[in-house]
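Right, one structure below, let's go through it.
The values are calculated or read from the model by the stated rules, or taken from the named source; none is laboratory data. Predicted, not measured: the structure shown is a model, and the values here were computed from it. Glycine also receives a Cβ, built like all others from the backbone with ideal geometry; neighbour counts cover every protein chain displayed.
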Amino acid sequence: MTTPPTPSDSASLATSIFSLPQKGRTEAEQRLARSANWRFSTLCAAVDTKDQYGASSTPIYQTATFKGMDGQYDYTRSGNPTRGGLESHLARLYGATQTFALSTGMTCLDMILRLVKPGETILAGDDLYGGTNRLLTYLGTHGGIDVRHVDTTRVEELLPHLGPGNKVKAVLLESPTNPLLKIADIRNISKAVKAGSPAALVIVDNTMMSPYLQRPLELGADIVYDSATKYLSGHHDLMAGIIAVADPDIAKSIAYLINSVGSGLAPFDSFLLLRGIKTMSIRMDRQLLTAQLVATYLDELGFLTHYPGLKRHPKYDIHWSQASGAGAVLSFVTGDKAMSERIVGGTRLWGISVSFGAVNSLISMPCLMSHASISAAVRAERGLPENLIRLCCGIEDPRDLIDDLEHALLAAGAIVPDHSYEAVSRHASEEIYNHDPDAWILERARAYTRPKGTDMEKLVKGVQAGLGLGDVERKTIKSDIVVSAPGKVILFGEHAVVHGVSAVATSVDLRCFGVLSPRSDSKVALEVPDLNVEAEWDISALPWNLLPVHIDGSRRVADKELDPPLLAAIESLITSNDVANPAIGSQLAFLYLYMVISAKESNAPSGTFTASSNLPIGAGLGSSAAYSTCIASALLLAHNHIDNPALGESFSSSGPGISPGDTDLIDGWAFLSEKVLHGNPSGIDNAVSVRGGAVSFTRSVGGRKGGLETLNGFSSVRLLLTDTHVPRDTKSLVAGVAAKRLAEPALVDSTFDSIQSISDEARGLLGGQSHVGRDRLVHRLSAMITENHQHLVTLGVSHPSLEMIVSATSAEPFNLSTKLTGAGGGGCAVTLIPDDFPDTELDSLLSTLRNMGFTPHLTSLGVPGLGILSSSGSSASPSQSTDVLPTDEGNNDGMVVPKRAALREAGRDGLASWARGLGPWSYT
Ligand SMILES: Nc1ncnc2c1ncn2[C@@H]1O[C@H](COP(=O)(O)OP(=O)(O)O)[C@@H](O)[C@H]1O
Ligand SMILES: C[C@@](O)(CCOP(=O)(O)O)CC(=O)O
């Protein structure tokens, strides 16, 4: 590996602004003169601030106008002291006569290209940033400008377009290019253009380098621009662009345009940018070091890697003759688009995002993201591989970045362990890193090899062989399976329902969402960001020998009972140090279902299940049933035990998407998962979550017949759900009621009888056929809510926080009826809101509850049950495991991210719109 020259060794800056006369200088001018020999880092940090109070940081002049007739400033569109301070600071960094700070890098290009008139020609590179390409295309089609793309890595390609009679006004270059890191010889191109077309302007987009590493004005360019959103700002907290020019006449024309259009940078952003610039060189030093390590690592592993810091880069010498660093962006080719998607989706520390230059490291697939606005045909023509991955290094510890990338490469099957390699100890590895990072990275790369061939099956086998699994043929999941299921609110009958009493419940518009995505490394993984769960297991390390003999994997029936030895064996696999109980429950339920539904090791697919929910977890709204429904349905789909509506087997846009037989099967397995989580659940939660709508549910107990009846009169009822935020555990509350029944059978049984009468009346009133008037209906429901709550108090499952809500809502002026819902002991309360309850009082009730520290939710009731995504995302091929998300960023027309990552990142509030944007769903 070559050690590139450090940027601080670079030649001193051009000094046009330092050539002031010696005599009669002010203090500021003297300082400026002395600074002529300062090195770049010093110049970055030493900002000259002119301020009446001597502020050491440039103040923000957040004003549109300035008073008076003869001051330096009058209107911020034309000039502003904060922006002016930034611009003079930048002029020193760029070695420019003048710089301009604008709202984005693209605005810079827009201003510059307004110097080109209709009929004139722009010669532009053929591997340009997608946004540049888009603007050039627009000018070609709407501005009457002749835009020609040429390979700017070859000076001779430009020559035929130059010379007498040509109308070339602008030659637009990037070096290195983005994302292929091609190098243009800026010095020689500038010379050739000056000789052939003296009127033409050489314009360089310097964003990939920043003035720290490359200053094209010193190489003969006329205009340089940078997207300051990248390295100059460094924090991705602002957007800005900089134009730097040497020739005062060009500066005048550009100043005229900026003032006319009003594209100058706002004062606050100018301030932020100035602050970012002060640390630019130290940030970049770390970024360059990491990029060199990552590029060497990928290169050593045998990936075609584009980075001008690699000695074998075809234009290595030219690059280092004009720049003092290789930048923090590199790209590499895997040869397989689906594999690239898996790698990108498999990283954690590398954020999936467009842009670069910030303190955080980023990973992207340019063809799907930053360069999506270039058509696939043009991308192919310009040699931009669809599977190209771009990495933008930040300032994190390079060891963590390599760990994360290595993990993703392994999980994607892009590399496999090399068994001939004898690993050094972790301690030795750290020692090597501390003394010689270059040697360390070579050592890291030696531990792996790339599987031969790019064919998926070979890759899977290669991974398995690498993990010592010989020729085990695993079942594979073809592509992402995406599901969702709602929570529920029990209106009457909780707890009693466990003992055979009927209960009345409805689904609520808060859901759990799950994505089961394929992997090819013989591991199964669970990610539940809401509970900080990120766990993976080697499939071969699961206790397959303990599977009960009756499980053979071919049955279309769910197990009714848990197998305690199997459950205990799974429990022992879950590391429980410092993980909260909900996290353990979610892993147990998943792994248990994963094993019993797979039935045998060879049938167990390698995949990652990711779940996230906008239901409050453990608050009595059925979060566990929604989660259980998601895992059961996703696993059944992976095994083809139920029809996949995405494949059109049972889906029609008008008919029901999921058949009644499949619905019952999912419900059965979801119930088993509920048993893992709760011990002895009644089954009402999963019944409602799977089927949606509203139901009256009776569990079959002691030979008595159970049943499920749909209720259609629910939708008209308004309910308020209030979360106390008091945590509780359904399993122990249910067990507590069972214990009370043993201790006080007469009291508990008579309470159950009373609850049964309430549920019976509610079923009659809400079944849809009741002829009772509206007022009477609401009046009866209110009375029954109050009564049912008292019975739950008798059963010992209320909580002071719930009683506070009951009192607050029943007090004047509200006079409303409230009960706990679900297991109680905290969790949520439900309040009936009559039709004529005034909005003003509702607002006042909501703020009363909030002031008490509770969170009220008004949600829709009786919503659809289990949903399965029917769009391409869950069908045909692994390469479709991504979402196109609309984005406001001007860089691209649509950002594509793996579904799993999108789900993780949607956040509680973004889940519903993420799911809506995915495409059509089939519901039970
Ligand atoms: N979105 C989720 N992802 C993973 N596990 C979950 C999720 N929601 C619930 N669980 C599991 O279910 C348990 C909560 O169940 P429970 O106490 O019945 O609450 P709820 O009344 O909300 O269903 C959690 O402790 C956790 O183990
Ligand atoms: C208490 C119970 O009746 C309802 C479940 O309540 P929760 O949503 O887990 O709080 C238990 C059950 O029916 O399984």
| said: Can you tell me which condition Ile395 does not meet? The list is (1) part of a helix (DSSP H, G or I); (2) modelled with pLDDT of 95 or more, and all the others hold. | reply: (1)
| note | The condition of being among the charged types (D, E, K, R), within 30 Å of Thr65 (Cβ to Cβ) and crowded, with 22+ Cβ neighbours inside 10 Å holds, among Asp249, Asp205, Asp226, Asp237, only for Asp226
| request: Six or more apart or on different chains, Cβ under 6 Å: which pairs go from a residue in the stretch 483-500 that's closer than 13 Å to Pro681 by Cβ to one that's of a type outside the set (Phe, Trp, Tyr) and more than 11 Å from ligand 2 (Cβ to nearest atom)? Could you list them? | output: Lys488/Ser507
| remark: Counting only residues in the stretch 577-616 that are near ligand 1 (Cβ under 9 Å from one of its atoms) and surrounded by fewer than 19 Cβ atoms within 10 Å (Cβ to Cβ), the one farthest from Asp909 (Cα to Cα) is identified as Leu588
| field | the stretch 577-622, residues that are within 16 Å of ligand 2 (Cβ to nearest atom) and part of a strand (DSSP E or B) | value | Ser613
| Residues of the stretch 298-323 being closer than 14 Å to Thr177 by Cα and touching a Ser or Thr at 6+ places or on another chain (Cβ under 7 Å), which ones? | His306, Lys315
| query | What tally of residues in the stretch 487-499 results from selecting those that are more than 12 Å from ligand 1 (Cβ to nearest atom) and in contact with an Asp or Glu (Cβ under 7 Å, 6 or more places away or on another chain)? | reply | 0
| task | Could you please let me know if Ile539 is modelled with pLDDT of 95 or more and either out of contact with any Gly (no Cβ under 8 Å at 6 or more places or on another chain) or within 26 Å of Gly862 (Cα to Cα) (or both)? | result | no
| query | Here are some conditions: (1) modelled with pLDDT of 85 or more; (2) outside the structural domain of Leu288 (by TED's automatic domain parsing); (3) farther than 24 Å from Thr347 by Cα. His435 meets all but one. Which one does it not meet? | reply | (2)
| note | Quick count over the stretch 599-613, residues being farther than 14 Å from Trp537 by Cα and touching a residue at least 60 places away in the same chain (Cβ under 8 Å), is 6
| field | Residue count, the stretch 331-352 (criterion: in a loop (DSSP other than H, G, I, E, B) and either touching a helix residue (DSSP H, G or I) at 6+ places or on another chain (Cβ under 7 Å) or more than 13 Å from Ala412 (Cβ to Cβ) (or both)) | value | 5
| field | Among (1) in contact with a strand residue (DSSP E or B) (Cβ under 8 Å, 6 or more places away or on another chain); (2) under 21 Å from Asp521 (Cα atoms); (3) modelled with pLDDT of 95 or more - the single one Ser479 does not satisfy | value | (3)
| request: Answer with yes or no whether Ser340 is modelled with pLDDT of 95 or more and of a type in the set (Gly, Ala, Ser). | output: no
| task | Just one of (1) farther than 25 Å from Ser844 by Cβ; (2) polar (S, T, N, Q); (3) crowded, with 22+ Cβ neighbours inside 10 Å trips up Thr818, so point out which. | result | (1)
| query | Take the residues of the stretch 698-730 that are of a type outside the set (A, V, I, L, M, F, W, C) and in contact with a Leu (Cβ under 7 Å, 6 or more places away or on another chain): which is modelled with the lowest pLDDT? | reply | Ser715
| task | Please identify the pairs in which a residue from the stretch 312-326 that is within 13 Å of Ile186 (Cα to Cα) has its Cβ atom under 7 Å from the Cβ atom of a residue that is outside any loop (DSSP other than H, G, I, E, B), counting only partners at least 6 apart or on another chain. | result | Gln322/Ile186; Gln322/Arg187; Gln322/Leu219; Ala323/Leu213
| remark: Contact list, first residue from the stretch 132-157 and buried (at least 18 other Cβ atoms within 10 Å of the Cβ), second anywhere and at pLDDT below 90 and basic (Lys, Arg), beta-carbon distance below 8 Å, six or more apart or interchain, is His149/Arg382
| query | Of the numbered conditions (1) over 23 Å from Thr26 (Cβ atoms); (2) without any contact (Cβ under 8 Å) to a residue 40 or more places away in the chain, Ile60 satisfies every one except a single condition; which is it? | reply | (2)
| query | Within the stretch 683-758, which strands (runs of 3 or more DSSP E) (wholly inside it) include 1 or more residues that are within 16 Å of ligand 1 (Cβ to nearest atom) and surrounded by fewer than 22 Cβ atoms within 10 Å (Cβ to Cβ)? | reply | 718-723
| Does the stretch 795-816 contain any residue that is within 14 Å of ligand 2 (Cβ to nearest atom), assigned to a helix (DSSP H, G or I) and either touching a residue at least 60 places away in the same chain (Cβ under 8 Å) or out of contact with any helix residue (DSSP H, G or I) (no Cβ under 8 Å at 6 or more places or on another chain) (or both)? | yes
| When you look at Asp237, is it under 30 Å from Tyr61 (Cβ atoms), in contact with a strand residue (DSSP E or B) (Cβ under 8 Å, 6 or more places away or on another chain) and charged (D, E, K, R), yes or no? | no
| Can you tell me which residues in the stretch 683-697 are among the small types (Gly, Ala, Ser) and at pLDDT 95 or above? | Gly683, Ala687, Ser689, Ser696
| Filter the stretch 484-540 for residues that are within 16 Å of ligand 2 (Cβ to nearest atom) and in a loop (DSSP other than H, G, I, E, B); which is nearest to Gly907 (Cα to Cα)? | Glu494
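Condition check ((1) modelled with pLDDT of 95 or more; (2) under 37 Å from the mean Cα position of the chain (by Cα)) across all residues:
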| position | (1), (2) |
| --- | --- |
| Thr137 | no, yes |
| Gly140 | no, yes |
| Thr153 | no, yes |
| Leu159 | no, no |
| Asn166 | no, no |
| Asn178 | no, yes |
| Ile183 | yes, yes |
| Asn188 | yes, no |
| query | Considering only the stretch 823-854, how many residues are of a type in the set (D, E, K, R) and assigned to a loop (DSSP other than H, G, I, E, B)? | reply | 2
| field | Verdict on Ala876 being at negative phi, in a helix (DSSP H, G or I) and either outside the structural domain of Ala632 (by TED's automatic domain parsing) or at pLDDT 85 or above (or both) | value | no
| message | With the structure loaded, tell me whether Ala101 is at pLDDT 90 or above, in a loop (DSSP other than H, G, I, E, B) and closer than 28 Å to Phe40 by Cβ or whether it fails that test. | response | no
